[in-house]
Structure formats: C-alpha cells, structure tokens
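Let me begin by presenting the structure, written as structure tokens, before commenting on it.
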Amino acid sequence: MKILVVDDEKDVQTLFEQRFRKEIKTGEIDFVFAFSGEEALVYLNRHEHEAVLILSDINMPGMSGLQLLEHIKQKYHKPPPVVMMITAYGDAENFNIAKELGADDFLTKPVDFTALKEKLKTIS
Amino acid sequence: MDEIVIEKETAAVETISRIDELNKQAWEVHITQPKLALELSSEAKQLAEDNSYQKGLAYAIRNMGVSHRYLSNLETALTLSFQAKDMFSEIGEKSGEAQSYVSIGALYYYMGDIERSLDFFLKGLRCSEEVGNKEAQAYALNGAGYVYGVVLGDHKKGLEFLEKALTLSKEINASNDLQPRVLDCMAEIYLNDGQMEKAYEASFQCLRLSEQSSQKIMKGDSLFTIGNLFFKQNRLDESKEYFSQSLSNSREINYKVGEADCLLHLGKILFLQKDAEMAKEYFLESLKVAEDIKAKAMIYKAHEALAELYESKEDIQSFVKHYKLYHKFKTEVFKDEQESKQKYLNIQYEMERLQKEAEINRLTNVVMKEKNEELEKKTGELEQSYNSVSVLSKIGQDITSTLDLDTILNTVYENVNQLMDATVFGIGIYKPEEASIEYRLSIEEGKRYQPYERKMSDKSQLAVWCIENNKEVFINDIQKEFSKYLTDIDYTVPALVILEDGSMPKNPNSLIYLPLQVKDKIIGLISVQSYEKNAYAEHHLDILKTLASYTSAALYNAQSYQSLQLALNELKMTQDQLIQSEKMASLGELTAGIAHEIQNPLNFVNNFSEVNKELLTEMKEEINKGNMNDVIAIANDVIANEEKIHHHGKRADAIVKGMLQHSRSSSGQKEPSDINALADEYLRLAYHGLRAKDKSFNATLKTDFDNSIGNINIIPQDIGRVILNLITNAFYVVDEKKKSGIQNYEPSVSVTTKKLNGKVEIRVKDNGNGIPQKVLDKIFQPFFTTKPTGQGTGLGLSLSYDIVKAHGGELKVETLSYEEAEQAGKESTGSEFIIILPV
C-alpha cells in the first residue's frame, strides 16, 4: 500500500518512518512525503493512481490541506483516493468542512499511531 | 499760506491748486471709497514730486496712508503715515503732523500695540491743541478716549475724553464722520459699564447718523455694537441679525478687521446654540481673515474661541494647540501690562505739562511761591509714584512669569512690603461652589497663618463684603469707618487659626481689601492691613489695584495651567490603558495560533518518546540475542530521536515564553537577541493565528534572513510586537485584496532581514493595494485606522513607531497605492514597511 503524507514539518518524515519501521521493512506499506499542498499535487499528477491513501495536515503555508483535499476529491483523480486529514485544530468547524469536501477520516495532533494503524488495517 | 508763496517759484499756480484739489478730494472719500482716494493721492504725489511741492507731497502721502488703512493694508499704511509725519514736522506743518499722529495711533491700535497707540493719540492731542486744529483734536480725543475707556477699562476717563470729542465734532462740522464714531465708542463703554439704556441710545443714534451720511464703516461698527449689546443680554437671535448685517457690510467694503470680529461673534452665538460644527467653521474663517491682515488682537481671540470649543468637545490635542497659540498671541499683545503703561504715560504727560507750567511762571516772572511749592510737592509725588510704577512692573514680570500658585502668592507678598505697610497681608481664593474664601497665604509680621477658610455666610466679615459687592474696602480707622461697610464687625479669624509661633493675631486699624477679578469673574481678594491708623493713602490703593490686576492674571493663568495639567494627566492615563488594551487585542489574535503551534511540537515529543520506548524494548531483545550491530543502530536512532524530543520541547517552551512576554509589560531591558528567530516566530504565530480565525485565509510566506546579523541588542518583546503588528497588517491587506475578487491574485507576504553598515534592516512586504498618498502621513498617528469600526484600535503603527524610535531606529514605509499606480499606468507594488535598527 502506498501512502502519501503531506505536512510542512520535515520531522514528520522521520516520525512516520520510525513509527512504521516494521511495516516498511516488510514492504507492507510504502511511504511518500510531500512538504506542501503544491508538492503533493505535483506528485499525484505524475504518479496517478499510485497512492491509495493520502494523509494530509491542514495548516500549511500556501495551499492548505483543505484546498488540497478539494482538488483531489473534486477536480482530479477518478476514482479519488482515500484522504485522511490530520490537524492541530480539533474544532467542529474544521471537521465539518473536511467532511463536506469529502475527507474520509479526521485525526487530531498529537497523532495516536496505534489508532492510525487500526484504521489502515480496515482500508487494506 | 507762507509756504505756497515760497513754492510759487518752483511750481506753476495751476499745478499747485490741482495738487491741493486732488488731495482735498482724496481726503473726502478716503473712508467711503479708499481705492479712489488712493488713485487720486497717487496722482497728487506724482505731480507734487515732479514740481518739488513739499507740502502737497506730504499730504498726498498722508492720504495714501489713510487709504491703505481702510483697504486693510495696515503695514503699508503705517510706513506711509510715518513718512508723512516726518515730512510735516520737517516743513513745520503742525496740522498735518497732528493728523498723522492720530492716524498712527489708530494703526497701532489695529495692530494690537496699545502702548504705542495711546502714546501717539496723546501726541496728536498735544500737537493739535498747540496749533488749534479742532478736527485733529477731536480725532485724537476720540482715539485716546477709546483706548482709555474700552481697551484699558477706565470708563470714567474714557467718557470724559469722548464727551469733549463729541462737543468738538458737533462744533466743527455736522457731516463729519467723527460724530457717529464717538457715539459708537461711548456706546461700547456704556455697555461695559452696564448702563444698557444709554448704550442702546448711543448706538442707535450712531447707526442713524452713519446711515444718513452713508458711512459704511461706521454703519458696520454700530451694527456690530448693537449686535454686541444683544449678545451681552443673551438675546441671541437679535444679536445674530445685527452681526450678520454688520458682516455683509464689512465684506461689501472689504473691511477685514470688522469681518473677522463679526465672524468670531457669529461663531460664539452658534456655539452657545450648541451648533459646534458651524461655530468651528466661523472661528476658523475669522482666524484666517485675521491672519491675512496680521491683526494679533483678533488672532488670539479666534484661538481662544477655538480652544474653548475643542475643550467642550474633549479634543484635548486641538485644545492644547489653540490654547498655546492663544496664550502666545495674547502675551504678545499685552506684552507689558496695560495698567502700568497707562500710569506711566499719564505721568509722563502730566510731568511735561507741569514743567511747562513752571516754565511759564518763571518767564512771566510771577512769583507765586506757594504755587511753586505745591508744584514741587506734586512733582515729588509723581516721581515717587513713577518709582512705584517701575517697582510694580518688575513685580508684574515676576508674578506673571510663574504658573505655580504658591510661588505667585509668595512673590506678591515679598514685593508688597517695598511699596506700603503690609504688616498683615493675605490673599484669599474665592470658591463659589463651596461658598467660601480659602486663605492659602496670610502673613502677620512675617509669620504665617495656617491656611484657613472663611464662609461666605459670615456676613460680619469685610472680606465677605468685598467679594459680595465686588468693591474695594478702604479703611484708615476701623472703629470710625467700618460702619460704611458693615453694621456689625467681627475681627476674629476662625478660632483654630494661630500664627506659626503660637501667638494670636492682633487687630488692625487700617486696611484695604480688593477683589481679584478676571474679566467679569471674581476669583479672590487681596488684603493689606496695618496696626497704625491712617496707614494708607489714595496712591497706596492705586498701587494695590495694579498689583491686584497682576495677581489676578497670574492666578488665572495658574488655574488654567492646573486644569490643563489635569487634562494632560488624564490623557496620559487613558493612553496607558489603551496601550494595554492594544497589547491584549493582539494577544487575542495570537492565542489560536499559539494553540496550534504548541500541538505540533507536542506531536513530536509524544510520538518520538513512544518510539524510543519501543526501540529500547527492541534493543533489549537484540542485546539478549547478541546482535551488537543492530544494538548500535537502534541506539543511534534513540539518540537522534532524543535530540528531536529535546528540540521540539524547547520549541514549545519558546512559544509559551513568547506569549507570556507579549502580555507582560515590557521589562525595558535590552538584551542580545536573534532578530531572525524573532521574526520567524512572530511570522508563524501571526499566520496561524489568522488561519485559525479564518479558514479561507491563505497567503504565500517568503522569508529571506541574513544569517550574518548575529545577536543585536534590543528589547525583544517590544521589537517582537512591532514585527507582529507589521505582519498582521500585511496579512490583513492581502486578504482584503483577495476578497475583492481580483483575478489571478496570489496574496504574498515576505519578511527580509539584512545587515547594513552599522545597522540592521527588517522589511515586511505585502502585495496588497498599497497606501494612498492622502493618508500616508496619518498612518503613524494614534487612533488612525482604515479597518472597520471595532476591528482595529488604531494604535498598532503608532505604538510600533514609538518603540522603534525608543530603540534609536527608524520606521519607514515605501508604497505605491493601487489608484496612483493605475493613474501612472503601473502595477501596484503594495507596501513595504522598513524597520532600521542600530546595531
């Protein structure tokens, strides 16, 4: 399973790689990282249908996670991939907008990786 | 006639009579048609010069001078009048000389120089008496009477002069313009003296006469006086009617002084009728007219009215501005106190007369020993009184040069002993709202009383009588004379009052009480007392009156100053509160951003520490298996993760500290700070803060930091506040532009730092719509904001400016507004704020 992680914080890459080191070692999951919404779109356009799941932060400079979500769900990829939003804002408004735009799930920071792994199992 | 016979040699008879005729015509029309008079007299001047006809030339210049006066060109008029006066005196033409003195006196009056004005009127009077020119004499009497009665407030003396002037003007010529002029002056004095009936009678008579003889200026003046009469009686609608008539009359004949005065009074009426906006317009227009002709006396009145208006609107800044200007111009006009001038000039005039009388006596050889002795005695008294005047004017300067109440009181006391017996001396401040007189300073034989109060209800007190009747108390034998004022007398000061050495006050035999007055308001009283009988003569009373007028002015100024000081303190307190609320408002904008910013490091701290737990468990297993290579690899990961935990922990710590620093009052301590880190931190906080509030907000952030800057010495929370403010503003303007729906617009904000020669530059740039030129010079002013009401305090940039200035730096802006760019056919470049700090 290929997962695209979008976040402007570079340390996110190290964190995911360590948290999922067993899954990566066994080849169960393959991670790709993008550090902005724009970068994510470029990747998705070049590698259509490769990513099964997209994990995106909402609050990023430039294109926000919600704008990225809108692009993915409405303008590009058919069928659209699964998109989970990760944000520091646990408020209802963000949650509702994300749902409206077609987000499949919604996680808040700090990320609970045990719960995330459970969710991934149901997708694969 | 003699001169003409001599002149015959150099000029033809016809030319001379032509010049005389031109001069005569010019003089006749100089009031009603000053422009025509100027043309006629210019022609006369040219002819007289060509033919070396000195007398004709002098009269032509005199006429040009008076014409300019009625065209409101006061300075030109003054120069010409002096020129004419010198020529007249050179050729011995006394009538012309006398007339010139009077013209100059009038001009000085209009220019606000009362001392010179009175001096020249009196010179004109002497000169015209000598030569027997009744017309000039009447004009001089009128001028001097006006200055005495109206300007200096000596009603009795003013009316005396004016009645003489009226009699003379009736004698010489009925069609003369003087009669209405004298009546107008008399009306004004009657008005000030409270004799309303007589005032109305005189002013309506004046209006009638001036209408009959179609003298526009006089008509305007009398309309003004009538307006003023109604104004004084608070009959505002009638007053407005007459002032308006006078205004249009003044405008018709281009009579600027009259125009300014009418505008001022119309403004005052509007102000009383609560139409402050219109009143302001009138005051400003009056000020403008007065400034055009440099009429200082009008200028200060206009500033006074404006100050009062702004005070009522609680616009403290404008109030202070106009109050200062009012004070400045008033001080210029009344540079040397009026009363001392009046006395000084009286004495000079009287002394000269006395000397002349003595001279005549000597020449006619009439030995009148007694009279001579009397004269000598008089001269001696006058000299003594002249000396008193010198001392007085020195005291006047001392008193009026301070604004501190106690200093004023002490200065008055220290000096009063030089002039009279002041064994007991006291100054009371009248407090109408408390119905009492407060004695701040009372002294007996050099020993002070404790401050005490006297109730106005205590009718057995001479002080209370003095205030209630607004009249002097003048007693030289208390037992015999107190009944002139009171039926019953109680000497005792309140029982609690004893002198500072514990002794009791003694009863005086002679005493003077004088009310202290400013305009029509009683502000207190001054008193001197002596144990001796007959301690005070009339001239002591006069001296004390002069002293009282200084004291009044000084106390009034001190009180005004105190209330000004109070207003300023209040203003400062309000400002402090506003600054605090501005800090809190920007903190509120930040909290959401901070919440977000704290979650990010926490995410790493939590997760990396959990990863480490797992890794350490794995490491234990590997150790047991003996796979040392794996153990080392895991240990390296653990160390790297620990470093990340530490890094993000510190990041969270810095965010919280930053927030606390922002809300705290500035410690005021400069410390070496990393300006790049500061700028980066506040950029992120501001961005996330705005994003948290408005999900749709979006902008490209660009940073370009110069890493060679190193640490610079600043108060970090203050400079942080400036950067935050500039960034927040930048976000606001790009967001506004985005929301206006411009196609293909990408909001962008950049922060750049750069090390320059001995300086550091921080630039915050946006690509918004720029700042229009017309508001550019206002953006650093407190309370200026372009945001909708309730959204901005208008203090952000003003505070930023102050902070940067306090660091010895500069805060500038470079901008090209959208509208101006469009006009120039260019793209708007947005705005760039530049902080320049010394290293």
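Picking from B:Glu93, B:Glu171, which residue would you name as being surrounded by fewer than 17 Cβ atoms within 10 Å (Cβ to Cβ), of a type in the set (D, E, K, R) and farther than 28 Å from B:Tyr300 by Cα?
B:Glu171
Of all residues in the range B:109-142, how many are surrounded by 23 or more Cβ atoms within 10 Å (Cβ to Cβ) and aromatic (Phe, Trp, Tyr)?
Summing the residues that are surrounded by 23 or more Cβ atoms within 10 Å (Cβ to Cβ) and aromatic (Phe, Trp, Tyr) in the range B:109-142 gives 3.
For residues that are of a type in the set (Val, Ile, Thr) and more than 30 Å from B:Ala633 (Cα to Cα), scanning just the range A:21-53, find the one that is modelled with the highest pLDDT.
Among them, the one singled out is A:Val42.
Applying the selection to the range B:706-729, what residues are of a type in the set (A, V, I, L, M, F, W, C) and either over 50 Å from the mean Cα position of the chain (by Cα) or over 11 Å from B:Thr753 (Cβ atoms) (or both)?
B:Ile714, B:Ile715, B:Ile719, B:Val722, B:Leu724, B:Leu726, B:Ile727
Just name the residue that is modelled with the highest pLDDT out of those in the range B:687-715 that are surrounded by 15 or more Cβ atoms within 10 Å (Cβ to Cβ) and among the basic types (Lys, Arg).
Of everything passing the filter in the range B:687-715, B:Arg691 is modelled with the highest pLDDT.
Using the structure shown, decide if B:Thr574 is modelled with pLDDT under 90, assigned to a helix (DSSP H, G or I), more than 26 Å from B:Arg684 (Cβ to Cβ) and more than 11 Å from chain A (Cβ to nearest Cβ).
Against the criterion (modelled with pLDDT under 90, assigned to a helix (DSSP H, G or I), more than 26 Å from B:Arg684 (Cβ to Cβ) and more than 11 Å from chain A (Cβ to nearest Cβ)), B:Thr574 qualifies.
Restricting attention to the range B:292-313, which residues are surrounded by fewer than 18 Cβ atoms within 10 Å (Cβ to Cβ) and either modelled with pLDDT of 90 or more or outside any helix (DSSP H, G or I) (or both)?
Answer for the range B:292-313, where residues must be surrounded by fewer than 18 Cβ atoms within 10 Å (Cβ to Cβ) and either modelled with pLDDT of 90 or more or outside any helix (DSSP H, G or I) (or both): B:Lys294, B:Lys313.
Within the group B:Lys274, B:Lys294, which residue is free of Cβ contacts under 8 Å to residues at least 24 places away in the same chain and at positive phi?
The unique qualifying residue is B:Lys274.
Regarding the range B:39-49, can at least one residue be identified that is touching a Pro at 6+ places or on another chain (Cβ under 8 Å) and surrounded by fewer than 23 Cβ atoms within 10 Å (Cβ to Cβ)?
Taking every residue of the range B:39-49 in turn, none turns out to be touching a Pro at 6+ places or on another chain (Cβ under 8 Å) and surrounded by fewer than 23 Cβ atoms within 10 Å (Cβ to Cβ).
With respect to the numbered conditions (1) away from chain A (no Cβ under 14 Å); (2) small (Gly, Ala, Ser); (3) touching a residue at least 40 places away in the same chain (Cβ under 8 Å), which one is the sole condition not fulfilled by B:Ala677?
Result: B:Ala677 passes all but (3).
Please work out which one of (1) hydroxyl-bearing (Ser, Thr, Tyr); (2) surrounded by 17 or more Cβ atoms within 10 Å (Cβ to Cβ); (3) outside any strand (DSSP E or B); (4) more than 12 Å from chain B (Cβ to nearest Cβ) is the condition A:Ser56 fails and give its number.
Only one criterion in (1) hydroxyl-bearing (Ser, Thr, Tyr); (2) surrounded by 17 or more Cβ atoms within 10 Å (Cβ to Cβ); (3) outside any strand (DSSP E or B); (4) more than 12 Å from chain B (Cβ to nearest Cβ) is unmet by A:Ser56, namely (3).
Could you say which residue among B:Ile498, B:Ile478, B:Ile467 is modelled with pLDDT of 90 or more and surrounded by 12 or more Cβ atoms within 10 Å (Cβ to Cβ)?
Sole residue among the options that is modelled with pLDDT of 90 or more and surrounded by 12 or more Cβ atoms within 10 Å (Cβ to Cβ): B:Ile467.
Do we have B:Asp735 as under 21 Å from A:Gly62 (Cβ atoms) and touching a residue at least 24 places away in the same chain (Cβ under 8 Å) here?
Yes; evaluated as a whole, the condition is true for this residue.
What's the total number of residues in the range B:58-116 that are farther than 24 Å from B:Gly132 by Cα and in a loop (DSSP other than H, G, I, E, B)?
6
Do you know which residues across the range B:602-614 are more than 8 Å from chain A (Cβ to nearest Cβ) and in contact with an Asp or Glu (Cβ under 9 Å, 6 or more places away or on another chain)?
The answer is B:Ser609, B:Asn612.
Take the conditions touching a His at 6+ places or on another chain (Cβ under 9 Å), at pLDDT below 75 and away from chain A (no Cβ under 14 Å) and apply them to B:Ser581. Does it pass?
So B:Ser581 does not fit the description; no.
Only one of A:Leu68, A:Leu120, A:Leu107 is at pLDDT 90 or above and either within 25 Å of B:His688 (Cα to Cα) or not in a strand (DSSP E or B) (or both). Can you tell me which?
Among A:Leu68, A:Leu120, A:Leu107, only A:Leu68 is at pLDDT 90 or above and either within 25 Å of B:His688 (Cα to Cα) or not in a strand (DSSP E or B) (or both).
So which pairs qualify, if the first residue must be in the range B:698-715 and more than 9 Å from every other protein chain (Cβ to nearest Cβ), the second must be acidic (Asp, Glu) and exposed (fewer than 13 other Cβ atoms within 10 Å of the Cβ), the Cβ gap must be under 9 Å, and the two must be at least 6 apart or on different chains?
The qualifying pairs are B:Asn711/B:Glu671; B:Asn713/B:Glu671; B:Ile714/B:Glu671; B:Ile715/B:Glu671.
Would you point out the residue of the range A:20-40, among those that are within 14 Å of A:Asp57 (Cα to Cα) and within 13 Å of chain B (Cβ to nearest Cβ), that is surrounded by the fewest Cβ atoms within 10 Å (Cβ to Cβ)?
Filtering first and then ranking leaves A:Glu38.
If we scan the range B:587-608, do we find a residue that is at pLDDT 90 or above, crowded, with 18+ Cβ neighbours inside 10 Å and over 30 Å from B:Lys693 (Cβ atoms)?
Yes: the range B:587-608 contains one or more residues that are at pLDDT 90 or above, crowded, with 18+ Cβ neighbours inside 10 Å and over 30 Å from B:Lys693 (Cβ atoms).
State which residue pairs qualify: first residue in contact (Cβ under 8 Å) with a residue 12 or more places away in the chain and inside the range B:233-246, second residue part of a helix (DSSP H, G or I) and of a type in the set (Phe, Trp, Tyr) in any location, beta carbons under 6 Å apart, and separation of 6 or more residues or different chains.
B:Ser239/B:Phe230; B:Ser239/B:Phe231; B:Ser246/B:Phe224
Picking from A:Glu17, A:Glu9, which residue would you name as being charged (D, E, K, R), closer than 24 Å to B:Leu615 by Cα and facing chain B (nearest Cβ under 9 Å)?
Exactly one of A:Glu17, A:Glu9 is charged (D, E, K, R), closer than 24 Å to B:Leu615 by Cα and facing chain B (nearest Cβ under 9 Å), namely A:Glu9.
Scan the range B:504-537 for residues that are surrounded by fewer than 19 Cβ atoms within 10 Å (Cβ to Cβ), touching a residue at least 40 places away in the same chain (Cβ under 8 Å) and in a loop (DSSP other than H, G, I, E, B) and jot them down.
B:Pro505, B:Lys506, B:Tyr531, B:Glu532, B:Lys533, B:Asn534
Are any residues in the range A:99-124 within 13 Å of another protein chain (Cβ to nearest Cβ) and within 23 Å of B:Asn607 (Cα to Cα), and if so, which ones?
Scanning the range A:99-124 gives A:Leu107, A:Thr108, A:Lys109, A:Pro110, A:Val111, A:Asp112, A:Phe113, A:Thr114, A:Ala115, A:Leu116, A:Lys117.
Would you point out the residue of the range B:615-644, among those that are surrounded by 12 or more Cβ atoms within 10 Å (Cβ to Cβ) and of a type in the set (Asp, Glu), that is nearest to the other protein chains (Cβ to nearest Cβ)?
This residue is B:Asp637.
From the residues in the range B:252-277 that are over 14 Å from B:Glu308 (Cα atoms), modelled with pLDDT under 90 and assigned to a helix (DSSP H, G or I), which one is nearest to the chain's Cα centre (by Cα)?
Among those residues, the one meeting the criterion is B:Val257.
The values are calculated or read from the model by the stated rules, or taken from the named source; none is laboratory data. Source: prediction; values computed, not measured. All Cβ positions, even for glycine, are placed from backbone atoms using ideal geometry, and neighbour counts span all protein chains on display.
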